[in-house]
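Down below is the structure, laid out as structure tokens.
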């Protein structure tokens, strides 16, 4: 790790929980880097294990001495901006509960330039707990940017500690409703399948042998000719868990462009073009006269 750098150097033994993990995966979990940023660190010779430079795909052994040269911190953060459509459901001295709209991330992260819950609260004048990493202070759990729903943010240090413990110990019940393609069989069941990064597409996740344990319980609430509305209860909270599990069960979420049907998976897909305005108008007149 020679040369000039304005980054930070970290050195520590590899934790037992990272035994067998790829270098880029480990850096992501240890330091909160994006997978791409972690790969860049490794590709630049910034990872040394037991005195030897390691690549992003090398596997780690628990107890080995890990030295990492992290990238320099980002420049001055952008000022917080209001989030259109984000409403406050509950607000007291200890916490604030928001209804997060689609297209909003929980907190800032490398590569994300869109709105965030943390930024939206700051722009609205809310002060949250100072516990946690600087970019995600007060955040005790997350929702995917593409997911809408209830998100809790701690305002007091007491609430942050209590809520983090509750989510870790899984005493918080998380329920979701999702519209999925087709009709799950059985109509009530459990998907128990490990999830990890997709082996060839880093921006996606997948059911992978040896991945992190992931459990999704579901029940069909309403069935339509080509889709089903399902009630989902998560036992674990992996990234994209609902989308990944239902895609693996061949019932991807309706409108999900990332985990929906793909030609390479051998599943039927359709693309349709709507009627042009003149034809649609003519049909409307004919149907009205019929």
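The values are calculated or read from the model by the stated rules, or taken from the named source; none is laboratory data. Values in this document were obtained by computation on a predicted structure and should not be read as measured data. Here the Cβ positions follow ideal geometry from the backbone for every residue, glycine too, while neighbour counts run over all protein chains shown.
For the list (1) on the phi > 0 side of the Ramachandran plot; (2) free of Cβ contacts under 8 Å to residues at least 40 places away in the same chain, I need the number of the one condition that residue 172 fails.
Status for residue 172: all satisfied but (1).
I need a count of the residues in region 108-145 that are closer than 18 Å to residue 203 by Cα and in contact with a strand residue (DSSP E or B) (Cβ under 9 Å, 6 or more places away or on another chain).
8
Only residues that are part of a loop (DSSP other than H, G, I, E, B) and touching a helix residue (DSSP H, G or I) at 6+ places or on another chain (Cβ under 8 Å): list them for region 47-58, please.
Selection gives 54, 55, 56, 57, 58.
Answer yes or no as to whether residue 254 is modelled with pLDDT of 85 or more and more than 21 Å from residue 173 (Cβ to Cβ).
yes
Take residue 251 and tell me if it is crowded, with 18+ Cβ neighbours inside 10 Å and under 20 Å from residue 146 (Cα atoms).
Yes.
All but one of (1) more than 19 Å from residue 175 (Cα to Cα); (2) surrounded by 16 or more Cβ atoms within 10 Å (Cβ to Cβ) hold for residue 93; state the number of the condition that does not hold.
Status for residue 93: all satisfied but (2).
Return yes or no: is residue 149 buried (at least 16 other Cβ atoms within 10 Å of the Cβ) and modelled with pLDDT under 90?
In short, no.
Right, residue 180: assigned by TED's automatic domain parsing to the domain that holds residue 221, touching a helix residue (DSSP H, G or I) at 6+ places or on another chain (Cβ under 7 Å) and surrounded by 15 or more Cβ atoms within 10 Å (Cβ to Cβ) or not?
yes
Could you tell me how many of the residues in region 13-53 are on the phi > 0 side of the Ramachandran plot and in contact with a strand residue (DSSP E or B) (Cβ under 6 Å, 6 or more places away or on another chain)?
Residues that pass the stated criteria total 3.
Here are 66, 27, 12: which of them is surrounded by 14 or more Cβ atoms within 10 Å (Cβ to Cβ), in a strand (DSSP E or B) and at pLDDT 85 or above?
Testing whether each residue is surrounded by 14 or more Cβ atoms within 10 Å (Cβ to Cβ), in a strand (DSSP E or B) and at pLDDT 85 or above leaves just 66.
Just one of the numbered conditions (1) over 25 Å from residue 200 (Cβ atoms); (2) in contact with a helix residue (DSSP H, G or I) (Cβ under 7 Å, 6 or more places away or on another chain) is not true of residue 67; which one?
Of the numbered conditions (1) over 25 Å from residue 200 (Cβ atoms); (2) in contact with a helix residue (DSSP H, G or I) (Cβ under 7 Å, 6 or more places away or on another chain), the odd one out for residue 67 is (2).
Specify which of the listed residues (193, 201, 154, 159) is in contact (Cβ under 8 Å) with a residue 12 or more places away in the chain and outside the structural domain of residue 122 (by TED's automatic domain parsing).
Of the residues listed, the single one that is in contact (Cβ under 8 Å) with a residue 12 or more places away in the chain and outside the structural domain of residue 122 (by TED's automatic domain parsing) is 193.
Here are the criteria: (1) in the same structural domain as residue 101 (by TED's automatic domain parsing); (2) without any contact (Cβ under 8 Å) to a residue 40 or more places away in the chain; (3) more than 29 Å from residue 27 (Cα to Cα). Tell me which single one residue 164 does not satisfy.
Of everything listed in (1) in the same structural domain as residue 101 (by TED's automatic domain parsing); (2) without any contact (Cβ under 8 Å) to a residue 40 or more places away in the chain; (3) more than 29 Å from residue 27 (Cα to Cα), residue 164 misses just condition (3).
Just the residues that are surrounded by 14 or more Cβ atoms within 10 Å (Cβ to Cβ) and assigned to a loop (DSSP other than H, G, I, E, B), please, taken from region 113-131.
Result: 115, 124, 126, 128, 129, 131.
I'd like to check something: does region 112-123 contain any residue that is within 14 Å of the chain's Cα centre (by Cα) and over 19 Å from residue 89 (Cβ atoms)?
Within region 112-123, one or more residues are within 14 Å of the chain's Cα centre (by Cα) and over 19 Å from residue 89 (Cβ atoms).
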